[in-house]
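For reference, the structure discussed in these notes is given below.
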Amino acid sequence: MEKKNEESTEKEELTLQNVPKAVNYLINEIAEMRAVLEHIESQLGLGVDKHRPIDEGRAAEILGQTKNVIKKMVRAREIPYYDKGRKIYFFEDELVKWVEESRVKTWNEEYKINKRLY
């Protein structure tokens, strides 16, 4: 015997008369699934659209710096940015990629590379 959910698991026969009810049910279920997925994405930092312009303040938050440090990095051209009519913009995904490109190898990784050279 199968375990049944607390919710009704009774299956209704699909007829022409109850198609609108079935479609409405499916639309509501999909909407609920989207809401759950968006919540999970936001909790994991996997937002759907990370390629949107952000300002210096948000860039500073992402990188764990102050706005002044970000401004200095812009002046020194140390960080990827966009200049549009005296306003500076960044893209979150580009900042993350920029940080990822600066990864320092672990000693084990460095040792394996050096070991192969000898």
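The values are calculated or read from the model by the stated rules, or taken from the named source; none is laboratory data. Quantities reported herein were computed from a predicted structural model and do not represent experimental measurements. Note that we place each Cβ from the backbone using ideal geometry, even for glycine, and neighbour counts take in every protein chain shown.
Could you list, ordered by first residue, the pairs with Cβ atoms under 6 Å in which the first is in the range 48-62 and assigned by TED's automatic domain parsing to the domain that holds Phe90 and the second is at pLDDT 95 or above and part of a loop (DSSP other than H, G, I, E, B), at least 6 apart or interchain?
Listed by first residue and then by second, the contacts come to Ala60/Thr66.
Among the candidates Leu44, Leu37, Leu26, Leu16, which residue alone is modelled with pLDDT under 90, over 30 Å from Phe90 (Cβ atoms) and hydrophobic (A, V, I, L, M, F, W, C)?
Working: Leu44 fails: over 30 Å from Phe90 (Cβ atoms); Leu37 fails: over 30 Å from Phe90 (Cβ atoms); Leu26 fails: modelled with pLDDT under 90.
Going through Leu44, Leu37, Leu26, Leu16 in turn, just one is modelled with pLDDT under 90, over 30 Å from Phe90 (Cβ atoms) and hydrophobic (A, V, I, L, M, F, W, C): Leu16.
Looking only at residues in the range 64-98 that are free of Cβ contacts under 8 Å to residues at least 24 places away in the same chain and among the aliphatic types (A, V, I, L, M), which one is farthest from Lys50 (Cα to Cα)?
Applying the filter and picking the extreme gives Ala76.
Please enumerate the residues belonging to the range 70-85 that are surrounded by 10 or more Cβ atoms within 10 Å (Cβ to Cβ) and either within 17 Å of Val96 (Cβ to Cβ) or basic (Lys, Arg) (or both). Quick ask: steps written out before the conclusion?
Kept after step one, since they are surrounded by 10 or more Cβ atoms within 10 Å (Cβ to Cβ), are these residues of the range 70-85: 70-74, 78-82.
Residues satisfying the conditions are Ile70, Lys71, Lys72, Met73, Glu78, Ile79, Pro80, Tyr81, Tyr82.
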